[in-house]
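Okay, so here's the structure we're looking at.
The values are calculated or read from the model by the stated rules, or taken from the named source; none is laboratory data. Quantities reported herein were computed from a predicted structural model and do not represent experimental measurements. Cβ sites come from the backbone with ideal geometry, for glycine too, and all protein chains shown count toward neighbours.
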């Protein structure tokens, strides 16, 4: 039995890897929710599967083993396991030991990502995977990449539920166009929770005169209303939508957001996290592969030099303690982040209660 | 509220930095008593101030922020704070939140050092700052510098309350002139405690024939009596005085010690320490800046290769435990160190008792 | 008093060092059973002695001190200690303090290794040192060397009580000659415990056609029976014997095993270990020193790249927990390893009980 660290939400879909990280031959290993996970594709079908990366005999990492068709042979004493985790061969026995099993995890490939369910397998329902379907729009040139940061996964939610930090942390990169940061006339920040437990925060800014870095679909010279939505889905999967329309027109008249981002964070340990990021766009679609790579390098660089370090600093300052328990000052624009923190706290408490019950 | 580690004396002046470390523009950060502290100079007056280096909103380091005149703007979401720690501006609010405060620390610049009081501010009395006034004697060419060592701060007291180790640890540098280390005829080691709680240890050696490395003011060829005093002031601020007179003359006839050193140690964490060191002299006053730097390099090198490593070794051997609790062998010359250890233990116990009372 | 970590067997002989590691002048230090140990040779006789590497005054490492004949002078304040740990000189006292003693450890040089007894000295009986007398056979060119691995010492026992892993972990080096790993007709694996508490596991393979890498004494072309024995002696000292005879002849007719190995593991800490390894041989005895060094490099390289990393992996996976407590799958060939684990567990429990009794 895998010991469940109560700082993580187990009964949920987490991104385990990006589709392109798992090629046909690799025995890929990644620590997720503080558990080593082996991910690889069946040679027979290409379907990706996930197993606890630990042989039940002497605990060697199976990812250091050898592929035998769809199966994995342990490097240490040669036990072989199938994609469901069952032992299929033991070199010095006629029949493999029936208790030699490796825990498999439900794994679903969707929206160019691999979603894993590490809690109770019977609860894993693929229809509840968060909607990041913009990533299926190949005409919008989806780009995806992987970061890592030295901080608790919830810091990713805090960072993204509103975007004030754009104008302070990112002034030298993507947030420097505002002369005097702060509320502009008519600016609205709203937060709502929908029926499926998602939290959606919106920042709406009317009548903007100057265009930003990227073409937003409104002709240059025309004043516009712009907004960005953060659609949060537990535990830490966020879809960003950025739209604009000529000033005064209904936001619904925006046929296609000019940019949609995915920000999916999965705990590596309690104090380190994986960050799967990506976006689609309606501008500069004529870039070649090198041009697209420049986009990735640009955003990765911002994360590496600005967001990543600040989250690491906060982790250091918190020193393993919960953020809310430290009585932080709460600002008006923290409404979304605090709502998310509370939902997460409820989910964690509910899972801990179930675990305690199961242990009785 | 800052959590007070009971291994440190909080209601006392500690050296936070040397004056020359804090130039006009720097947002200087240093961990002191296991608390990150921001130190900077007001642009208006040049006065140095100290704040807890932690924004009360999301806990970013304020030292990574931006100066706005005398104030500091947080890099993450733009909260601004004055030198007393009060929030003066919040970008998305008309009036800043009144509960958004950063803890300020009393800071006094004296003897070319910045003295901080991290305990109860109402007890901070600048007249109790230890006397290192030799550092104000610019005619004696004061030199100051900063070390760091991987050991508990009290090891600094142990190291300096008597100087036997000069003839063993430092034989290849400053202590190698004695052929056979040990007591010489007439040598006296005395320790006394004065009314203000200081401990003064003296080593007096009469009738020395050979001069050491540095000119002690007695003409070469004349036998002399020499002494060195260590004046300890809690928690770990020591002034060394080295004097000499022609043999038989009263020590009071020494108009000016030929060397006076400052050794001020401030905890960084329970197992690492800052060490502020410096000296004045009556010899070789004609050195130019490069020559003075050679003095600093010489003493720094001795610390880096001899004192620092031995304190790190002892810290490793103690493994977080108290030295006295490990029942060390006590030698006659440990009288000063043991007296200091006991005073420190009393101070720590008294502060812990007050903290416990306050918590009730 | 040294605190005894209950994860180690204290009342037993452990290898502290190889004879050739301790030359005439060295003050050698090594952490053994989580205790720093000073080992050096008396200048008067060349006899090796072992002391707790810790001055009882301020806890400096004595190994950083200076030799004074057979004695050691502490680098910090000049206390001197004899080979029995008694203080013989204190610079500022007429007579050295009688309570200034360093714990000595019984140390015996045998089979080109130095065996230390870190438990109750009165129980140390040199006649119970494990038999590695093949190392005394200079005609068989004994070679010895030292490894280090980041894992609990018991993993060394697990690794060596049977050799299945040869055909999986070592396929690219010493175990690659078997086309299809697994039991061959007539192969037998047996384990027995002898009267002196040793565990001997044997793998016997009859009627082998193809010779391996090394000449086993049977003429090439002649089918042979071969075996290897692992003779385990608590805590983790193993002697390997590899023999071969023409098929059908009694194993006793083998006058001399063609290879005998020593594998002696000593805890450094609970999660890191020293590994003293070596072998004698009947083949390729005409190698020169460079050729012998190639043997050492070959075996060291296998350990460094294959055995060492897998033990480090397992240590990581166990995360400080006991292997048996984690309910590992047990295979038929684990009989020897499990028997050893159980004997070790009994020894550890017995020592803990005695310690608890002594503490009352």
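Can you tell which of B:145, B:115 is in contact with a helix residue (DSSP H, G or I) (Cβ under 6 Å, 6 or more places away or on another chain) and modelled with pLDDT of 95 or more?
Matching residue, one of B:145, B:115: B:145.
Go through the range B:292-312 and give me each residue that's within 11 Å of chain C (Cβ to nearest Cβ) and crowded, with 17+ Cβ neighbours inside 10 Å.
Within the range B:292-312, B:306, B:307, B:309, B:310, B:311 qualify.
Would you tally the residues in the range C:214-266 being within 24 Å of residue C:153 (Cβ to Cβ) and either touching a helix residue (DSSP H, G or I) at 6+ places or on another chain (Cβ under 7 Å) or free of Cβ contacts under 8 Å to residues at least 12 places away in the same chain (or both)?
Number satisfying all stated conditions: 10.
Among (1) surrounded by 19 or more Cβ atoms within 10 Å (Cβ to Cβ); (2) at positive phi, there is one condition residue C:16 misses while meeting the rest; what is its number?
Condition not satisfied by residue C:16: (2).
What's the total number of residues in the range C:187-202 that are surrounded by 11 or more Cβ atoms within 10 Å (Cβ to Cβ) and farther than 16 Å from residue C:157 by Cα?
Going through the range C:187-202 one residue at a time, the tally reaches 4.
Among the residues of the range B:34-46, how many are within 21 Å of residue B:119 (Cα to Cα) and either in contact (Cβ under 8 Å) with a residue 60 or more places away in the chain or more than 25 Å from the chain's Cα centre (by Cα) (or both)?
So the answer is 4.
Take the residues in the range C:313-327 that are surrounded by fewer than 20 Cβ atoms within 10 Å (Cβ to Cβ) and without any contact (Cβ under 8 Å) to a residue 12 or more places away in the chain, then tell me which one is farthest from residue C:149 (Cα to Cα).
Selected residue: C:327.
Kindly provide the set of residues from the range A:117-129 that are touching a residue at least 12 places away in the same chain (Cβ under 8 Å) and under 18 Å from the mean Cα position of the chain (by Cα), ordered by number.
Result: A:117, A:118, A:119, A:124, A:126, A:128, A:129.
Of everything in the range C:57-69, what is facing chain B (nearest Cβ under 8 Å) and within 30 Å of the chain's Cα centre (by Cα)? Give them in sequence order.
C:59, C:60, C:61, C:64
For the range C:120-139, state whether one or more residues are crowded, with 18+ Cβ neighbours inside 10 Å, in contact with a helix residue (DSSP H, G or I) (Cβ under 9 Å, 6 or more places away or on another chain) and more than 27 Å from residue C:267 (Cα to Cα).
Checked the range C:120-139: no residue is crowded, with 18+ Cβ neighbours inside 10 Å, in contact with a helix residue (DSSP H, G or I) (Cβ under 9 Å, 6 or more places away or on another chain) and more than 27 Å from residue C:267 (Cα to Cα).
I'm trying to understand the selection: among the residues of the range B:200-209, which are under 22 Å from the mean Cα position of the chain (by Cα) and more than 14 Å from chain C (Cβ to nearest Cβ)?
Result: B:200, B:202.
To keep it simple, each residue is scored yes or no on (1) over 17 Å from the mean Cα position of the chain (by Cα); (2) surrounded by fewer than 20 Cβ atoms within 10 Å (Cβ to Cβ); (3) part of a loop (DSSP other than H, G, I, E, B); (4) on the phi > 0 side of the Ramachandran plot.
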| position | (1), (2), (3), (4) |
| --- | --- |
| B:211 | yes, yes, yes, no |
| B:220 | yes, yes, yes, no |
| B:225 | yes, no, no, no |
| B:228 | yes, no, no, no |
| B:238 | no, no, no, no |
| B:245 | yes, no, no, no |
| B:249 | yes, yes, yes, no |
| B:257 | yes, no, yes, no |
| B:261 | no, no, no, no |
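For the list (1) within 18 Å of the chain's Cα centre (by Cα); (2) free of Cβ contacts under 8 Å to residues at least 24 places away in the same chain; (3) assigned to a loop (DSSP other than H, G, I, E, B), I need the number of the one condition that residue A:197 fails.
The one condition residue A:197 does not meet is (2).
If you take the residues in the range B:313-337 that are assigned to a helix (DSSP H, G or I) and more than 20 Å from residue B:273 (Cβ to Cβ), which one is farthest from the other protein chains (Cβ to nearest Cβ)?
So the residue we want is B:335.
When residue B:72 is evaluated against the numbered criteria (1) surrounded by fewer than 22 Cβ atoms within 10 Å (Cβ to Cβ); (2) over 25 Å from the mean Cα position of the chain (by Cα); (3) in contact (Cβ under 8 Å) with a residue 40 or more places away in the chain, which criterion, by number, is the only one it fails?
(1)
Does at least one position in the range C:274-289 carry a residue that is at negative phi, over 13 Å from the mean Cα position of the chain (by Cα) and part of a helix (DSSP H, G or I)?
Checking the range C:274-289: at least one residue is at negative phi, over 13 Å from the mean Cα position of the chain (by Cα) and part of a helix (DSSP H, G or I).
Quick check, is residue C:290 at pLDDT 95 or above and farther than 30 Å from residue A:56 by Cβ?
yes
Among A:175, A:186, A:119, which is the only one that is assigned to a loop (DSSP other than H, G, I, E, B) and within 12 Å of another protein chain (Cβ to nearest Cβ)?
A:175
Which numbered condition trips up residue A:31, out of (1) in contact (Cβ under 8 Å) with a residue 24 or more places away in the chain; (2) more than 19 Å from residue C:315 (Cα to Cα); (3) within 11 Å of another protein chain (Cβ to nearest Cβ)?
Checking residue A:31 against (1) in contact (Cβ under 8 Å) with a residue 24 or more places away in the chain; (2) more than 19 Å from residue C:315 (Cα to Cα); (3) within 11 Å of another protein chain (Cβ to nearest Cβ), the one that fails is (2).
Could you tell me which residue of the range B:337-360 is farthest from residue B:192 (Cα to Cα), considering only residues that are in contact (Cβ under 8 Å) with a residue 40 or more places away in the chain and in contact with a helix residue (DSSP H, G or I) (Cβ under 9 Å, 6 or more places away or on another chain)?
Result: B:344.
Only one of C:166, C:160, C:114 is within 14 Å of chain A (Cβ to nearest Cβ) and either within 30 Å of residue B:329 (Cβ to Cβ) or without any contact (Cβ under 8 Å) to a residue 12 or more places away in the chain (or both); which?
C:166
Would you check which residues across the range B:75-97 are over 36 Å from the mean Cα position of the chain (by Cα) and more than 11 Å from every other protein chain (Cβ to nearest Cβ) and list them?
B:95
When you scan the range B:125-157, how many residues do you find that are outside any loop (DSSP other than H, G, I, E, B) and within 14 Å of another protein chain (Cβ to nearest Cβ)?
4
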